[in-house]
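The structure under discussion appears below in the form of structure tokens.
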Amino acid sequence: MKPYTGRTAELKPEGAYEVLGRAQALEAAGRSIIHFELGQPDFETFENVREAGRRAIAEGKTRYTPPSGMLALRQAIAESAGAQRGVHFEPEQVVVAPGTKPNLFYSTLALVGPDDEVLYPDPGFPTYKAMVQVAGGVPVPVPLKEENSFSFDLDAFDRLINERTRVIILNSPSNPTGGVMPLSDLEHIAEAAQRYDCWVLSDEIYLRLVYDGRHASSIVEIPGMMERTVLVDGFSKTYAMTGWRLGYGIMPAHLAAKMDLLLTHSVGCSAHFTQIAALEAIRGPQDRVAEMVVEYQARRDLMVRLLNSMPGITCQTPEGAFYVFPNVRSLGMSSNQLSDYLLDEAGVAVLPGTAFGDYGEGYLRLSYSTSQDTISAGLGCIGTALARLK
Ligand code: PLP
């Protein structure tokens, strides 16, 4: 048989699914496992949104739509995403797709060719490296700096950017660290992007999940950046809609037109009734989002407090997303060994920092998209298992 192409040669599964699979196997064998590995809101999709989806199906809104989405939805996204960032977007800049991932993937296909270098955060969302590999580009990890809220190590960034750099990927607030990049760092990156004529792919899926009344800045707020930025965001996290599969990209209209062609020839379009539900999510009341943020903040505070009370663990208080990224170096085990130990001995599923890149060594990622009772119980089990190590 003829061999596969090289496009899939380097692809690896997402660490979260690997750990989930092992945890489920233990559960099937009768063990009870506490889950901190998945980045999925435990909240139900809000009732007004579910009702809009049900109504849309009942009314026969089950047909093809334009590849980049219904105009009414693109208009609503342009308005609300612009208002959140204090900028103005036109509907023709908006590309709706089935999830946030397709906008990441297709914009990479549109922008990155063989041997083009792409800077991306490490530790970072595993899809970044994967999509650059499929596009034939060269993924270049930029280490994050714990002391700087897990923002880019700007000295490393300055050393790594060069004439071959095509795209810089940003993710603030970040998965896996919860870190929010300060505006001054975004300004530094924007200046370099302009100097080296690079695109910026800014994954802002957690932009509205920020705590303590803070605001996460977007690089599009910086003058001159909108014309070289692809901003991606979606409904999965903000509106607890992971399974509905809907996200969007906002970019210069000339690139949006190319994305429309990529969508035409791949997925065709996003589901009609899902788009109608998403329109309700944007246009309807936003108080459920605010309530969710209050609850996430309480969970974050609980998790950080309990982790910091354990000898050998130090945990920063992340400003956004729903993850903590504790430093576990002084426990003297690799991240992988420790996460395996916690699953087997404590019955708690967490991810090793290395599931997000080599610079994640020495850290674990725990998601607090679960109840405060579960957080207390899970961290109690971790504390007991760690005490046994001594
Ligand atoms: N970007 C980041 C940083 C994420 O953490 C995730 C999901 O976990 C995604 C993108 C994918 O989002 P979606 O489910 O909307 O495709």
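The values are calculated or read from the model by the stated rules, or taken from the named source; none is laboratory data. Predicted model, so just to flag it, every value in this text is computed and none were measured. Methodologically, a virtual Cβ is constructed for each residue, glycine included, from the backbone with ideal geometry; neighbour enumeration extends over all protein chains shown. Please note that ligands, DNA and RNA were not included when accessible areas were found on the heavy atoms of the full protein model with its side chains. Shrake-Rupley method; radii C 1.70, N 1.55, O 1.52, S 1.80 Å.
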### Query
For the stretch 294-337, how many residues meet the condition of being small (Gly, Ala, Ser), out of contact with any helix residue (DSSP H, G or I) (no Cβ under 7 Å at 6 or more places or on another chain) and surrounded by fewer than 20 Cβ atoms within 10 Å (Cβ to Cβ)?
4
### Query
In the set Glu44, Glu37, which member is among the acidic types (Asp, Glu) and either open to solvent by less than 90 Å² (accessible area, probe 1.4 Å) or more than 21 Å from Pro98 (Cα to Cα) (or both)?
Glu37
### Message
Could you tell me how many of the residues in the stretch 16-53 are more than 19 Å from Ala377 (Cα to Cα) and away from the ligand (no atom under 16 Å from the Cβ)?
### Response
13
### Summary
Flagged pairs (Cβ under 7 angstrom, 6 or more apart or on separate chains; first in the stretch 111-131, in the same structural domain as Asp153 (by TED's automatic domain parsing); second open to solvent by 30 Å² or more (accessible area, probe 1.4 Å) and within 11 Å of the ligand (Cβ to nearest atom)) are Pro126/Glu14; Thr127/Lys101; Met131/Phe105
### Task
Answer yes or no as to whether Gly99 is within 26 Å of Ala271 (Cα to Cα) and either open to solvent by 10 Å² or more (accessible area, probe 1.4 Å) or modelled with pLDDT of 95 or more (or both).
yes
### Message
Please go through (1) under 18 Å from Ala83 (Cβ atoms); (2) within 16 Å of the ligand (Cβ to nearest atom); (3) outside the structural domain of Thr100 (by TED's automatic domain parsing) for Val293 and return the number of the only condition it doesn't satisfy.
### Response
(2)
### Task
Output the number of the condition that Thr354 fails; it satisfies all remaining conditions of (1) buried (at least 17 other Cβ atoms within 10 Å of the Cβ); (2) in a loop (DSSP other than H, G, I, E, B).
(2)
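Residues in the stretch 231-249: is at least one among the aliphatic types (A, V, I, L, M), surrounded by fewer than 21 Cβ atoms within 10 Å (Cβ to Cβ) and touching a residue at least 40 places away in the same chain (Cβ under 8 Å)? Steps first, please.
Here is the first cut: in the stretch 231-249, the ones among the aliphatic types (A, V, I, L, M) are 231-232, 240-241, 246.
If we keep only those that are surrounded by fewer than 21 Cβ atoms within 10 Å (Cβ to Cβ) too, we end up with none.
No, the stretch 231-249 has no match at all.
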### Count of the stretch 175-210 residues which are in a loop (DSSP other than H, G, I, E, B) and either assigned by TED's automatic domain parsing to the domain that holds Gln316 or within 16 Å of the ligand (Cβ to nearest atom) (or both)
13
### Query
Tally time: how many residues in the stretch 143-174 are among the polar types (S, T, N, Q), within 22 Å of Val220 (Cβ to Cβ) and either in a strand (DSSP E or B) or over 21 Å from the mean Cα position of the chain (by Cα) (or both)?
3
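If I go through the stretch 226-262 residue by residue, how many of them are part of a helix (DSSP H, G or I) and more than 12 Å from the ligand (Cβ to nearest atom)? Working first, answer last.
Taking the stretch 226-262 as the starting set, the residues that turn out to be part of a helix (DSSP H, G or I) are 226-228, 242-244, 253-262.
Filter again for more than 12 Å from the ligand (Cβ to nearest atom), leaving 226-228, 253-262.
Residues meeting the conditions: 13.
Residues to consider are Pro67, Pro13, Pro3; find the one that is part of a loop (DSSP other than H, G, I, E, B), open to solvent by 30 Å² or more (accessible area, probe 1.4 Å), within 16 Å of the ligand (Cβ to nearest atom) and more than 19 Å from Gly243 (Cβ to Cβ).
On the way: Pro67 fails: within 16 Å of the ligand (Cβ to nearest atom); Pro3 fails: within 16 Å of the ligand (Cβ to nearest atom).
Every option except Pro13 fails the conditions.
Condition check ((1) in contact (Cβ under 8 Å) with a residue 60 or more places away in the chain; (2) surrounded by fewer than 22 Cβ atoms within 10 Å (Cβ to Cβ)) across all residues:
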site: Val142; (1), (2): no, no
site: Glu146; (1), (2): yes, yes
site: Ala156; (1), (2): no, yes
site: Ser172; (1), (2): yes, no
site: Thr177; (1), (2): yes, no
site: Met181; (1), (2): no, no
site: Glu187; (1), (2): no, yes
site: Gln194; (1), (2): no, yes
site: Trp199; (1), (2): yes, no
#### Entry: Some residue of the stretch 71-80 being over 24 Å from the mean Cα position of the chain (by Cα) and part of a loop (DSSP other than H, G, I, E, B)
no
